Every structure is written in structure tokens, then in C-alpha cells.
Amino acid sequence: MRGCFRPSLTGREGLRSGGQSFGKRPELRHNGKFQLNHRLHSQGAAIKKVARNAPCWCGSGKKYKKCHLSQDDEARRTRAAPTPWKHADIVFKTPAQIEGIYHACQLTKEILDLVGERIGAGVTTAEINRWVHEETLARNAIPAPLNYKGFPKSVCTSINSVICHGIPDGTLLEDGDIINVDVTTIADGYYGDASRMFLIGEVSKAAKQLVATAKDCLEIGILQVRPGATVGDIGYAIQRHAEKLGYTVVREFTGHGIGISFHEAPVILHYGKRGKGMPLLPNMTFTIEPMINAGRRECQILSDGWTAVTRDGSLSAQWEHTLLVTETGVEILTA
């Protein structure tokens with residue numbers, strides 16, 4: 001949704017350890033191909049110098065020497081410390097909030113799974129909207145897009161050259177289409193946001209390659225997420241991969257903080273420079289959702305005020321997950 005709008009730790013034993021992951025949710029490892037596995041690397045963050053006996057900068061209430069001192073020392077040895085940032089606008093989530101966000105994210109995953117079972121040629125985007133709306137309510141949850149800043153439906157459905165925020169209507173899905181379905185669920189006041197691409201019938205080789213590249217861009221972006229990395233690391237990795245293959249990255253829409261509101265800080269750009277931007281710290285939650293175009297990156301908004309399309313009519317693809325920065329890596333909450 002407007003505002004543009006998978007590494008992890010372990011599975012759901014892992015809120016204490018760490019997208020698929022807390023206990024045994026997967027993570028991303030690079031095996032020649034990008035795929036989900038189970039556990040990520042870690043890297044400490046040296047954000048500011050703190051006296052050993054002072055309260056730790058992370059807000060845990062522990063003394064610095066008992067909390068992040070050793071991790072920060074390691075970060076200083078391996079890389080220059082990031083420029084200090086004010087994090088006043090970032091909501092660092094509590095364990096109880098993380099559990100609530102995880103629950104909302106899992107409902108979002110369930111609903112997208114259900115869409116995947118039903119979608120196909122001859123289905124209208126209005127039907128997809130009905131499925132999402134009814135299945136969300138059936139889970140005692142609320143579809144976040146509905147009436148958000150005037151958005152009239154419960155889900156975004158973006159076909160072919162639509163980049164994002166497509167409004168469901170009577171449009172029939174046809175053989176050869178590609179479509180992004182973007183679901184955000186509110187459960188007990190917490191938000192979970194994810195989107196997936198679906199291939200309808202026999203899809204061209206070019207369309208399949210675009211969709212696969214967009215998914216790889218998401219996974220490559222997630223591989224950058226850990227304490228001590230920066231927002232710029234995410235954008236740089238995504239942009240480098242997409243452009244290396246001849247695709248472009250949409251710049252008008254971004255990932256965003258999420259959890260107790262639909263859109264929070266920080267803004268997650270899908271392009272940028274390595275080492276630049278806000279440092280990532282434990283208990284941040286945000287989305288990564290790169291929009292990748294087959295042609296030029298420029299977009300335009302249609303007269304409905306929402307639907308964003310490629311200016312040159314080329315295909316566009318997007319995948320999205322909600323993520324948690326853990327003490328040692330990242331968890332994919334919507335996996």
C-alpha cells in the first residue's frame with residue numbers, strides 16, 4: 001500500500017533466536033540459487049560509544065558490558081562504525097508486540113496460500129478481493145487496505161504493467177498474465193504485510209524471468225539484513241542484481257516499517273549505496289518489497305489516484321515480506 005505501500009534466525013522457538021524462522025522458521029542461504037533455509041549469519045553493530053557500566057543503547061535495561069559491548073567491539077574490528085542516527089521515529093518492538101506482529105503475518109501468509117490455490121484464468125480481481133475479505137474476517141482480523149486513505153478494496157491486485165496498488169474490479173485474468181496480490185492483515189491491532197506474484201496459465205519466458213528476478217531481488221535484499229548493516233546495503237544489493245540482468249528498479253515506492261501501524265519508519269529504498277542510510281538494529285520490523293520493471297523504471301498514476309503503471313507499458317513484478325531484525329540476523333515473519 002501507499003508509502004509505497006526471506007536469512008532469519010530460527011523458527012518460532014526462535015523469537016529468542018531469531019522468516020521464516022523462530023524455533024524452526026527458515027532463512028536464506030546462498031546455494032548457487034537463492035532459497036529459504038534455516039539460520040543466518042550475524043554481525044554486530046557499533047552505533048555509538050557507551051561507557052561499560054552505562055545502560056545499553058538498545059533499551060534492554062541491561063548494562064552495556066552485559067549486553068552489546070562484545071558485539072560492538074567485533075563490529076569495530078571488522079568495519080567502520082556507521083554514522084550515529086537518531087532513532088526517535090523507529091518503534092523498536094517488545095517481545096509481546098513481536099508475537100502479535102508474527103500472528104498477523106502468519107494470517108497474511110495463510111490468505112496468500114489460499115489465493116494461490118484458487119487463482120487462475122477466468123477469475124476476476126473482484127473475486128480475489130472477495131476471497132481475501134471473507135477469509136480475513138473469518139480469522140477475526142481486518143483487511144488493512146480497505147478504506148486506508150480512501151482505498152476502496154481489501155487487497156491490491158496488480159496485473160502485467162501495473163506496478164502496485166491495482167484496484168480489484170471485473171477484470172478477468174487471462175492465460176499469460178502475471179499478477180501481484182498484496183495482502184495486509186490487522187489482527188488484534190498488529191499488522192502483517194506480504195505480496196506474491198502468480199503466473200496465469202502459459203506465461204512467456206520473458207515474463208517468467210522477470211518474476212524470478214523480482215523474487216531473487218527480494219531474497220538478496222533480505223540477505224543484507226542484520227544488526228550493523230544499513231538501509232543502503234539493502235537497496236544497493238537489490239539494484240545491483242536487477243540492473244546487472246537488464247531490469248530497472250522502481251524508485252517512487254518503497255518498503256516501510258510496519259507492525260503497530262500500517263506504515264512506520266524507516267523507509268526502505270530498493271536502490272542506494274552500500275554503507276549509507278540508517279543502521280539496522282534489533283527489534284526493528286519492516287517490509288522489503290522491490291518492484292522490478294522489464295523496461296524503464298518510470299511510472300505514472302492512473303486517474304483513480306492509486307493504480308501505478310509502467311510509463312512505457314513494460315511488465316512489472318514484485319514480491320514482499322515483513323521482516324524482524326534479530327540480535328544475530330533476520331526473521332521472515334510472513335514466511
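Return yes or no: is VAL267 open to solvent by 10 Å² or more (accessible area, probe 1.4 Å), out of contact with any Pro (no Cβ under 6 Å at 6 or more places or on another chain) and not basic (Lys, Arg)? For VAL267, the condition - open to solvent by 10 Å² or more (accessible area, probe 1.4 Å), out of contact with any Pro (no Cβ under 6 Å at 6 or more places or on another chain) and not basic (Lys, Arg) - is met. Among the residues of the stretch 176-207, those that are within 16 Å of the chain's Cα centre (by Cα) and within 12 Å of THR157 (Cβ to Cβ) comprise ASN180, VAL181, ASP182, VAL183, SER195, ARG196, MET197.
Condition check: of a type in the set (Val, Ile, Thr) and touching a Ser or Thr at 6+ places or on another chain (Cβ under 8 Å). Does VAL267 satisfy that? Yes; evaluated as a whole, the condition is true for this residue. Tallying residues that are open to solvent by 10 Å² or more (accessible area, probe 1.4 Å), out of contact with any Asp or Glu (no Cβ under 9 Å at 6 or more places or on another chain) and of a type in the set (D, E, K, R) within the stretch 197-225 yields 4. Do we have ARG240 as farther than 20 Å from THR334 by Cα, in a loop (DSSP other than H, G, I, E, B) and basic (Lys, Arg) here? So ARG240 does not fit the description; no.
Applying the set (1) buried (at least 22 other Cβ atoms within 10 Å of the Cβ); (2) farther than 21 Å from THR108 by Cα; (3) touching a Pro at 6+ places or on another chain (Cβ under 8 Å) to ARG297 leaves exactly one unmet item: (3). For the stretch 112-139, the tally of residues that are open to solvent by 60 Å² or more (accessible area, probe 1.4 Å) and either in contact with a Leu (Cβ under 6 Å, 6 or more places away or on another chain) or under 26 Å from MET284 (Cα atoms) (or both) stands at 2. Could you please find all residues in the stretch 292-330 being outside any loop (DSSP other than H, G, I, E, B) and either among the polar types (S, T, N, Q) or under 11 Å from the mean Cα position of the chain (by Cα) (or both)? ASN293, GLN300, THR310, SER316, GLN318, GLU320, HIS321, THR322, LEU323, LEU324 - these are the residues of the stretch 292-330 that are outside any loop (DSSP other than H, G, I, E, B) and either among the polar types (S, T, N, Q) or under 11 Å from the mean Cα position of the chain (by Cα) (or both). Of the residues LYS153, LYS109, LYS93, the single one that is in contact with a strand residue (DSSP E or B) (Cβ under 9 Å, 6 or more places away or on another chain), more than 18 Å from PHE286 (Cβ to Cβ) and buried (at least 20 other Cβ atoms within 10 Å of the Cβ) is LYS153.
The values are calculated or read from the model by the stated rules, or taken from the named source; none is laboratory data. All of these numbers come straight from a predicted model, not from anything done at the bench. Counting neighbours? That spans all protein chains shown, and the Cβs are built from the backbone with ideal geometry, glycine included. For accessibility, only protein heavy atoms count, side chains too; no ligands or nucleic acids. Shrake-Rupley method; radii C 1.70, N 1.55, O 1.52, S 1.80 Å.
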